[in-house]
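What follows is a set of notes on a single structure, which appears directly below.
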Amino acid sequence: MKNFQRRLLFAIILLLSACGAQTLIAPTPPANPLTAAIPDLKQSLSGRIVFTRGDNALWLLNPAPKASPQKILTTAQSFTPTYPAWSHDGKRIAYTLLNLMAANGFPESDLLIANADGSANEVLLKHQQNGEQLSAPLWSLDDRVIYFSRLTLIYQNQIVSSAKRELVRLDLQTQQQSVVLPDAHEFALSPRGDQFAYIRIDPVNYAQSLWLSDTQGRAPHPALNSPSRGVLLSPRFSPDGQTVLVASSSPLSAQVQPRGWRMPVWTPFVSIASAHGDPFDLWLVNLSNQTVRRLTELGEDMPHASWSPDGKWIAFVGAQGVYVMDAQGRNLQMVNRAGGHGQIDWIGE
């Protein structure tokens, strides 16, 4: 029984890793009544957006009407850039490069860094064993440290028996690595740089929940009283540090505040994610009182989100394209309708 549980845990974590890496490509998704009802972006917003969409490129987008994404970096066809993250000075982008066609049969990924225009692209840290995946990099406030998530396969008698996920700290000057938190998947750094919000996967029952800790991994505790009944993605602190935005495939609480954007009453609900997996929506968690608010009713396919630098807007990428909405979940608009499974980060000018 224990052997079965270990294998099941490995399968689940590996599946979540693949989902987190957003490896499925949806370059031309079918038309959906929901997105057809969403208007195109009407006003120009400040800043720059970097995103991926499951292909072999990094994309740069100005959040403005009729803006076209600019391809700033291209990789070999068998590799997929994932999890782009701006440095706080806006000069560099950290990201991970996923290889789905590794010779050992397991996906593998490395940590890379490039200039903001895609030049000077170099490997910062390579995976150290078969099937190891580095993902979800984030910069410290002074840009001297990169935090990332590491998935390592555990072998027993030369057979994979399980896997472990860790949040790791990498000092860019010394190249020294240290484990900050175990069982941590995707995560966010608070605006003051003193706290993590992260998705914890319970090693016993595999439930996912949103947790908080300081940046040394001390005093870890749940941000909500009960774990999620589904999959969580992309936690992001609001710029004021009072709330955390997160994507969830199931309601985070039976008691929720009024919703943000909703489909028009005349529009039949057709889940965007119905062709690939569970539908996700964006939720806002208030850290002071543990109340949650549903911001979207889209049923998107594994969306990843980012706040605008001023905290007034939220951008997210999903199978149907790149969206923006205000911080209350209203005024939902499409910045670009060429979507895919990817991640996104928004920085000021």
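The values are calculated or read from the model by the stated rules, or taken from the named source; none is laboratory data. None of these values were measured; they are calculated from a predicted model. Heads up, the Cβs are rebuilt from the backbone with ideal geometry, glycines too, and the neighbour counts pull from every protein chain shown.
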Just the residues that are touching a Phe, Trp or Tyr at 6+ places or on another chain (Cβ under 7 Å) and not in a loop (DSSP other than H, G, I, E, B), please, taken from segment 213-232.
213, 221, 222
State yes or no: is residue 147 free of Cβ contacts under 8 Å to residues at least 40 places away in the same chain and of a type in the set (Ser, Thr, Tyr)?
no
Enumeration of residues in segment 193-241 that are among the polar types (S, T, N, Q) and exposed (fewer than 15 other Cβ atoms within 10 Å of the Cβ):
205, 216, 225, 226
Kindly indicate whether residue 314 is modelled with pLDDT of 95 or more, in contact with a His (Cβ under 9 Å, 6 or more places away or on another chain) and at negative phi.
no
If residue 162 passes every condition in (1) under 19 Å from the mean Cα position of the chain (by Cα); (2) part of a strand (DSSP E or B) but one, which one does it miss?
(1)
On the basis of being among the hydrophobic types (A, V, I, L, M, F, W, C), farther than 18 Å from residue 218 by Cα and modelled with pLDDT of 95 or more, does residue 181 make the cut?
no
Taking the criterion of being under 20 Å from residue 319 (Cβ atoms) and under 15 Å from the mean Cα position of the chain (by Cα), would at least one residue in segment 37-50 satisfy it?
yes
Residues in segment 72-88 that are out of contact with any Gly (no Cβ under 8 Å at 6 or more places or on another chain), free of Cβ contacts under 8 Å to residues at least 60 places away in the same chain and not in a loop (DSSP other than H, G, I, E, B) total 3
Determine whether residue 288 is at pLDDT 95 or above, polar (S, T, N, Q) and under 19 Å from residue 243 (Cα atoms).
no
I'd like the full set of residues that are at pLDDT 95 or above, farther than 15 Å from residue 35 by Cβ and crowded, with 22+ Cβ neighbours inside 10 Å, limited to segment 330-347.
343, 344, 345, 346
For segment 189-234, give me the residue count where each residue is of a type in the set (Ser, Thr, Tyr) and touching a His at 6+ places or on another chain (Cβ under 8 Å).
3
Restricting to segment 44-56, name every residue that is more than 17 Å from residue 337 (Cβ to Cβ), touching a Gly at 6+ places or on another chain (Cβ under 9 Å) and either outside any loop (DSSP other than H, G, I, E, B) or of a type in the set (A, V, I, L, M) (or both).
48
Limited to segment 293-306, what total is found for residues that are buried (at least 22 other Cβ atoms within 10 Å of the Cβ) and in a strand (DSSP E or B)?
4
